[in-house]
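Working notes, beginning with the structure itself.
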Amino acid sequence: MPGQITVVVATRSVGKLRELVPLFAAADYRCITLEQAALAESPEEASLEAFDTFEANALAKARWFSARSGGRVVVADDSGLEVDALNGAPGVRSKRWSGREDLQDDALDAANNAFLLRSLEQVPLADGEPRLARYVCAAACVWNGGELVVRGTCEGEIVAVPVGSGGFGYDPYFFSNELGRTFAQATREEKSLISHRGRAFARLIAAMTGALQRETSMDLTDPHG
């Protein structure tokens, strides 16, 4: 790649940053956070995920931060949990499903997981029938002159009690069929190989690398140093 590209990772989630920064670093990208890009948190950010698809929400975030980043390459995602017994809910509402706008990070995760369990209690299943679910992630990249969005998924089921202490979000309750354990039990390396976010961003990195290399009119290095 002709010059290391700096990518602004448009998330304020510490958990997502822990997963994404190593993926981009392994592909020889230099990552900076929103704070490092001097993009202070704004109340407008709360309204960016207003669409009915993960793809539209991811692109909305990437476009918004790209427009405010002075020409940097920006990546963003929208991801969530789809539970078959709940007709695909929480879906794009996964982050704020519990309605607790006053909570953040671990406290918000706990509220969302509690709401998930209460919701599933209202949907009886036959003995031994699994509560099938999947994680979905749409990953987007926007730069001066183009944009990309791709999807990744991971199939599994919801367990009745949390298992594991790693991960974040719904991870302690999401049992991965491929790993044979919950995401909260998996190492970061194991999770990155088969997770919805790992798959989506692996595809995004491959696509954006090819696209940016073809952008002969743009300076691939960070204009802000």
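The values are calculated or read from the model by the stated rules, or taken from the named source; none is laboratory data. The structure displayed is predicted, hence computed values, not measured ones. Positions of Cβ are generated from backbone atoms using ideal geometry, with glycine treated the same way; all protein chains shown enter the neighbour counts.
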A careful count of residues in the stretch 65-82 that are of a type in the set (Gly, Ala, Ser) and crowded, with 22+ Cβ neighbours inside 10 Å gives 5
If we ask which residues in the stretch 65-115 are among the basic types (Lys, Arg) and over 19 Å from PRO172 (Cα atoms), their number turns out to be 3
Counted residues in the stretch 125-149 being assigned to a strand (DSSP E or B) and either more than 17 Å from ALA56 (Cα to Cα) or touching a Cys at 6+ places or on another chain (Cβ under 9 Å) (or both) come to 10
In the stretch 1-40, anything within 19 Å of LEU148 (Cα to Cα) and of a type in the set (S, T, N, Q) is listed as THR6, THR11
Filter result for ARG199 (within 17 Å of the chain's Cα centre (by Cα) and touching a residue at least 24 places away in the same chain (Cβ under 8 Å)): yes
Taking the stretch 49-71 and keeping only residues that are farther than 21 Å from ASN144 by Cβ and part of a loop (DSSP other than H, G, I, E, B), one is left with GLU49, ALA50, PHE51, ASP52, THR53
For the stretch 19-31, pairs from a residue that is farther than 25 Å from GLY166 by Cα and surrounded by fewer than 18 Cβ atoms within 10 Å (Cβ to Cβ) to a residue that is among the β-branched types (Val, Ile, Thr) and at pLDDT 90 or above, with Cβ under 8 Å and 6 or more apart or across chains, are ARG30/THR6; ARG30/VAL7
From the option list ALA46, ALA85, single residue qualifying as surrounded by fewer than 14 Cβ atoms within 10 Å (Cβ to Cβ), assigned to a helix (DSSP H, G or I) and not polar (S, T, N, Q) is ALA46
Taking the stretch 93-123 and keeping residues aliphatic (A, V, I, L, M) and either in a strand (DSSP E or B) or out of contact with any helix residue (DSSP H, G or I) (no Cβ under 6 Å at 6 or more places or on another chain) (or both) leaves ALA107, LEU108, ALA110, ALA111, ALA114, LEU116, LEU117, LEU120
Restricting attention to the stretch 11-49, the residues that are within 19 Å of PRO90 (Cα to Cα) and modelled with pLDDT of 90 or more number exactly 1
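Output the residues belonging to the stretch 154-166 that are among the hydrophobic types (A, V, I, L, M, F, W, C) and either at pLDDT below 95 or assigned to a loop (DSSP other than H, G, I, E, B) (or both).
Residues satisfying the conditions are VAL159, ALA160, VAL161, VAL163.
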Taking the stretch 167-183 and keeping residues within 16 Å of the chain's Cα centre (by Cα) and either crowded, with 21+ Cβ neighbours inside 10 Å or without any contact (Cβ under 8 Å) to a residue 24 or more places away in the chain (or both) leaves GLY167, GLY169, TYR170, ASP171, PHE174, PHE183
Query raised in the report: Is there a residue in the stretch 128-142 that is in contact with a Leu (Cβ under 8 Å, 6 or more places away or on another chain) and either surrounded by fewer than 17 Cβ atoms within 10 Å (Cβ to Cβ) or among the polar types (S, T, N, Q) (or both)?
Result: no
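For the stretch 184-196, which positions are part of a loop (DSSP other than H, G, I, E, B) and either of a type in the set (Lys, Arg) or in contact (Cβ under 8 Å) with a residue 24 or more places away in the chain (or both)? If you could, list the steps in order and put the result at the bottom.
Going residue by residue through the stretch 184-196, those that are part of a loop (DSSP other than H, G, I, E, B) are 186-187, 195.
The one that is part of a loop (DSSP other than H, G, I, E, B) and either of a type in the set (Lys, Arg) or in contact (Cβ under 8 Å) with a residue 24 or more places away in the chain (or both): SER195.
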Checked the stretch 167-183 for anything assigned to a strand (DSSP E or B) and closer than 16 Å to THR153 by Cα; matches are PHE174, PHE175, SER176, THR182
